[in-house]
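Notes follow once the structure below has been shown.
The values are calculated or read from the model by the stated rules, or taken from the named source; none is laboratory data. Since the model is a prediction, treat every value here as computed from it, not as a measurement. Using ideal geometry, Cβ is built from the backbone for each residue, glycine included, and neighbour counts are taken over all protein chains shown.
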There are 2 protein chains.
Amino acid sequence: MPALSKATRTLACVTALTLAPLATAHMDEKEPLQSYRQSYFALLAANFGPLGAMAQGDMPWNDEMVQLFAADLQSVSSLNLMRGFAEGSERGTTRAKPEIWENLNDFEAKLQDMRDAVDGLSAVAASGDREQIAQQIGAVGQACKACHDDYKSKDYLY
Amino acid sequence: MPALSKATRTLACVTALTLAPLATAHMDEKEPLQSYRQSYFALLAANFGPLGAMAQGDMPWNDEMVQLFAADLQSVSSLNLMRGFAEGSERGTTRAKPEIWENLNDFEAKLQDMRDAVDGLSAVAASGDREQIAQQIGAVGQACKACHDDYKSKDYLY
C-alpha cells in the first residue's frame, strides 16, 4: 500500500480527534473520515448534477447558473479530499472499494484528473460558448466515471 | 417571510430536481436540500474544529496545518449555502430552527459575518503571528456561535 503523505496522515488524525465533539450534522461521530469524504462528494454532485443535466439537454441551459455551479464545483474539488481516505477509514458505512487503498497513487492521479477537468471547465464557464462549455462538462463527467468505475461500489459496504 | 432571490430559488429547484438520481453518499433522496446544507456545515466544521482546538491549546500548534485548514475553510464558506435553505426545506431531518425562514435577512447577515471572519483569518493565516491568527480563529468561532444561538436546534427536528 503506497504511503500517505505525512501531512495527509496528520490531517486524518486531526479529523478523527477533533470532529466527534462537534457533533455536526451528518458527521457520524464513529465515522468522521467517511462522513468527511461523503460530504465532499455530496457537494461535488450538488454542483455537477445540474451542469450535467444542462449539458445533456435534460434541463434548460442557463449561463448564470452554469457559472455559479462551475465556480462552486471548483471550490469543492480543491478541498483536501485525501484526509478522508486515511488509514483506518477503509471500512464502515462506505461505498469506497478496498482497491482504493491498494492503489492510492492511481486513485490520487484520477482525483487530479477530475480537478484538471474542473479547472478546464472554469476556464471556459464565462465564455458564452455553449458547445465548448458542454464539452468541458462532459470531460468532468468522464473523469468522475473513470474513478467510479474502479473504486466506487454500487452498494454500501460494511 | 423575506423573499429569497430568484437565483437562490432557481438553484434550489435545480438541486431538488437533479440530485436525487445521483444517489450520492449522504445525499438523502427525499431531503436533498437538507443534505446539501448539512454537507456544507460538516466540511466547515472539519476545518474549523482543528483550528479552534489549536487556538485553545487543545492540540499542538502547527503552522502548515493552520494554513491548510484556513484555506479549505474559506473555500467551503464561499459556497452558495442559501440554496440549501430554499422554501420547502423548513422541515425534515434538520436542526435548522423555523426562525431562520422568519428572519432570512438576519440569517444571511450572520452568514456574511462568518464569511468576513473567515476572510480575516485567511488574510493572516500565513503571517506566522500566532497570537493574531488565534484571535482571528476566535472571531470565526464567535460568528459561528452568534448564528447557532439563534438558529440551530440542539436536537433534530422532524
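Give the residue that is surrounded by the most Cβ atoms within 10 Å (Cβ to Cβ), with candidates limited to residues of region A:107-129 that are among the polar types (S, T, N, Q) and more than 16 Å from A:Asn80 (Cα to Cα). Quick ask: steps written out before the conclusion?
Taking region A:107-129 first, the residues among the polar types (S, T, N, Q) are A:112, A:122, A:127.
Those still in the list that are more than 16 Å from A:Asn80 (Cα to Cα) too: A:122, A:127.
Numbers: A:Ser122: 17, A:Ser127: 12.
Checked region A:107-129; the qualifying residue surrounded by the most Cβ atoms within 10 Å (Cβ to Cβ) is A:Ser122.
In this structure, is B:Gln132 crowded, with 18+ Cβ neighbours inside 10 Å, without any contact (Cβ under 8 Å) to a residue 24 or more places away in the chain and in a helix (DSSP H, G or I)?
Against the criterion (crowded, with 18+ Cβ neighbours inside 10 Å, without any contact (Cβ under 8 Å) to a residue 24 or more places away in the chain and in a helix (DSSP H, G or I)), B:Gln132 does not qualify.
Name the single residue that is surrounded by the fewest Cβ atoms within 10 Å (Cβ to Cβ) among those in region A:84-106 being of a type outside the set (S, T, N, Q) and under 22 Å from B:Asn47 (Cβ atoms). Working first, answer last.
Our first condition is that a residue be of a type outside the set (S, T, N, Q); within region A:84-106, this holds for A:84-88, A:90-92, A:95-102, A:104, A:106.
When the remaining residues are screened for being under 22 Å from B:Asn47 (Cβ atoms), the result is A:84-88, A:92, A:96.
Details: A:Gly84: 26, A:Phe85: 23, A:Ala86: 22, A:Glu87: 14, A:Gly88: 10, A:Gly92: 16, A:Ala96: 24.
Only one residue fits best here, namely A:Gly88.
Out of region B:49-67, which residues are facing another protein chain (nearest Cβ under 8 Å) and crowded, with 23+ Cβ neighbours inside 10 Å?
B:Gly49, B:Pro50
Considering only residues that are among the charged types (D, E, K, R) and in contact (Cβ under 8 Å) with a residue 24 or more places away in the chain, which ones fall in region A:56-92?
Going residue by residue through region A:56-92, those that are among the charged types (D, E, K, R) are A:58, A:63-64, A:72, A:83, A:87, A:90-91.
Result: A:Asp63, A:Asp72, A:Arg83, A:Glu87, A:Arg91.
So which residues in region A:148-158 are surrounded by 17 or more Cβ atoms within 10 Å (Cβ to Cβ) and closer than 22 Å to A:Met54 by Cβ, if there are any at all?
Answer for region A:148-158, where residues must be surrounded by 17 or more Cβ atoms within 10 Å (Cβ to Cβ) and closer than 22 Å to A:Met54 by Cβ: there is none.
Suppose we filter region A:145-158 for residues that are in contact (Cβ under 8 Å) with a residue 24 or more places away in the chain and not in a strand (DSSP E or B); how many remain?
We begin by selecting, within region A:145-158, every residue in contact (Cβ under 8 Å) with a residue 24 or more places away in the chain; these are A:146-147, A:150-158.
Next, from what is left, pick out any that are not in a strand (DSSP E or B): A:146-147, A:150-151, A:158.
Total meeting the criteria: 5.
For B:Gln142, work out the one condition from (1) without any contact (Cβ under 8 Å) to a residue 40 or more places away in the chain; (2) away from chain A (no Cβ under 14 Å); (3) buried (at least 17 other Cβ atoms within 10 Å of the Cβ) it doesn't fulfil.
Checking B:Gln142 against (1) without any contact (Cβ under 8 Å) to a residue 40 or more places away in the chain; (2) away from chain A (no Cβ under 14 Å); (3) buried (at least 17 other Cβ atoms within 10 Å of the Cβ), the one that fails is (3).
Test B:Thr8 against the criterion of being buried (at least 18 other Cβ atoms within 10 Å of the Cβ), facing chain A (nearest Cβ under 7 Å) and at pLDDT below 70, and give yes or no. Outline the logic, then answer.
On the way: buried (at least 18 other Cβ atoms within 10 Å of the Cβ): yes; facing chain A (nearest Cβ under 7 Å): no; at pLDDT below 70: yes.
Against the criterion (buried (at least 18 other Cβ atoms within 10 Å of the Cβ), facing chain A (nearest Cβ under 7 Å) and at pLDDT below 70), B:Thr8 does not qualify.
Looking only at residues in region B:68-87 that are within 8 Å of chain A (Cβ to nearest Cβ) and among the polar types (S, T, N, Q), which one is farthest from A:Arg83 (Cα to Cα)?
Filtering first and then ranking leaves B:Asn80.
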